[in-house]
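One structure is given below, represented as structure tokens, and several questions about it will come after.
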Amino acid sequence: MFDENVSSLGELLGLEGPLAEHLNGFAPRLEQQRLAEAIFDCIERHGVLLGEAGTGIGKTFAYLAPAILSGRKVIISTGTRHLQDQLFRNDLPLLKRALAPTLQASLLKGRANYLCLHRLQRAMSHSALRRPDLQEQLYAIQDWARQTETGDIAEVLDVPEDSPVWSYVTSNDEFCSTHEYEELEGCFVHGARKAAQEADIVVVNHHLLCADLSLKDEG
């Protein structure tokens with residue numbers, strides 16, 4: 001996975017390292033290197049690290065680089081879904097190109113962030129969604145559903161986040177029985193969870209992470 005020709009974080013984040021080579025405007029920062037080294041040491045020791053760093057030192061690369069270098073499965077959690085998308089779609093691809101072309105990364109969100117094809121089919125004729133504007137949104141979602149590989153509703157730019165349509169077409173516990181639906185080909189929730197199991201780096205958000213920990217605590 002990782003480029004074995006680069007042997008240290010100093011080289012990774014240095015002036016002549018792969019990041020400088022692949023990223024226009026990249027400049028080495030001593031604080032970034034120190035934070036990255038502390039994180040890498042913590043990963044190796046299976047320890048706990050509480051790190052604080054100022055604006056502009058490159059915190060994202062400071063934790064992504066040692067995560068990749070460790071060669072271990074890593075879960076990265078962000079405060080919001082917006083930051084989650086930014087990390088997965090912008091920052092990780094840059095690091096992947098520069099450091100680890102074969103890196104497998106996945107994005108995992110809560111169930112309600114994924115389209116349910118069964119619910120979409122029902123929603124097309126639902127009496128509560130007969131308004132012309134809502135019908136237009138449904139058709140936009142239907143068109144997108146034919147193309148999407150992930151079912152992540154953040155991909156849909158033509159339908160507002162607060163549209164009432166979403167509550168009728170996204171996956172939920174009440175409708176989606178694990179035994180009845182999730183094993184079916186085309187279930188986006190099942191696909192996202194399977195990808196996360198197989199990935200080297202999984203990007204989640206705090207809400208999903210804490211919910212998962214809470215369920216584990218309950219047995």
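The values are calculated or read from the model by the stated rules, or taken from the named source; none is laboratory data. Since the structure is predicted, the reported quantities are computational estimates derived from the model, not experimental observations. Cβ: placed from backbone, ideal geometry, glycine included. Neighbour counts: every protein chain shown.
Hey, among Phe26, Phe40, Phe61, which residue is outside any helix (DSSP H, G or I), of a type outside the set (Val, Ile, Thr) and over 21 Å from Leu208 (Cβ atoms)? Lay out the reasoning, then the answer.
Details: Phe40 fails: outside any helix (DSSP H, G or I); Phe61 fails: outside any helix (DSSP H, G or I).
Within the list Phe26, Phe40, Phe61, the selection yields Phe26.
Just checking, how many residues over region 16-74 are closer than 20 Å to Gln84 by Cα, of a type in the set (S, T, N, Q) and touching a residue at least 24 places away in the same chain (Cβ under 8 Å)?
Number of matching residues: 1.
Which of the following residues is in a helix (DSSP H, G or I), charged (D, E, K, R) and not assigned by TED's automatic domain parsing to the domain that holds Glu16: Asp85, Asp91, Asp133?
Values: Asp85 fails: not assigned by TED's automatic domain parsing to the domain that holds Glu16; Asp91 fails: not assigned by TED's automatic domain parsing to the domain that holds Glu16.
The unique qualifying residue is Asp133.
Hey, another quick one. Return only the number of the condition from (1) surrounded by fewer than 17 Cβ atoms within 10 Å (Cβ to Cβ); (2) at pLDDT below 95 that His190 does not satisfy.
His190 satisfies every listed condition except (1).
How many residues does region 136-146 contain that are without any contact (Cβ under 8 Å) to a residue 12 or more places away in the chain and either outside any helix (DSSP H, G or I) or closer than 12 Å to Ser163 by Cα (or both)? Break it down into steps so the answer makes sense when it comes.
Going through region 136-146, the residues without any contact (Cβ under 8 Å) to a residue 12 or more places away in the chain turn out to be 136, 139, 143, 146.
Then drop every residue that is not either outside any helix (DSSP H, G or I) or closer than 12 Å to Ser163 by Cα (or both), which leaves 136, 146.
Of the residues in that region, 2 qualify.
Say we look at region 35-69 and pick out the residues that are at pLDDT 90 or above and of a type in the set (D, E, K, R); which of these is nearest to the chain's Cα centre (by Cα)?
Among those residues, the one meeting the criterion is Lys59.
Only one of these is at pLDDT below 95, in contact with a strand residue (DSSP E or B) (Cβ under 6 Å, 6 or more places away or on another chain) and not charged (D, E, K, R): Leu184, Leu215, Leu209, Leu117. Name it.
On the way: Leu184 fails: in contact with a strand residue (DSSP E or B) (Cβ under 6 Å, 6 or more places away or on another chain); Leu215 fails: in contact with a strand residue (DSSP E or B) (Cβ under 6 Å, 6 or more places away or on another chain); Leu117 fails: in contact with a strand residue (DSSP E or B) (Cβ under 6 Å, 6 or more places away or on another chain).
Within the list Leu184, Leu215, Leu209, Leu117, the selection yields Leu209.
Being surrounded by 12 or more Cβ atoms within 10 Å (Cβ to Cβ), closer than 30 Å to Ile68 by Cβ and at pLDDT 95 or above is true for just one of Ala199, Ala140. Which residue is that?
Values: Ala140 fails: closer than 30 Å to Ile68 by Cβ.
Matching residue, one of Ala199, Ala140: Ala199.
Which residues, counting only those in region 10-23, are under 15 Å from Asp91 (Cβ atoms) and either surrounded by fewer than 17 Cβ atoms within 10 Å (Cβ to Cβ) or among the small types (Gly, Ala, Ser) (or both)?
Correct list: His22, Leu23.
Turning to a different aspect of this structure: Just need a number here: residues in region 147-173 that are acidic (Asp, Glu), in contact (Cβ under 8 Å) with a residue 24 or more places away in the chain and surrounded by 13 or more Cβ atoms within 10 Å (Cβ to Cβ).
Residues that pass the stated criteria total 1.
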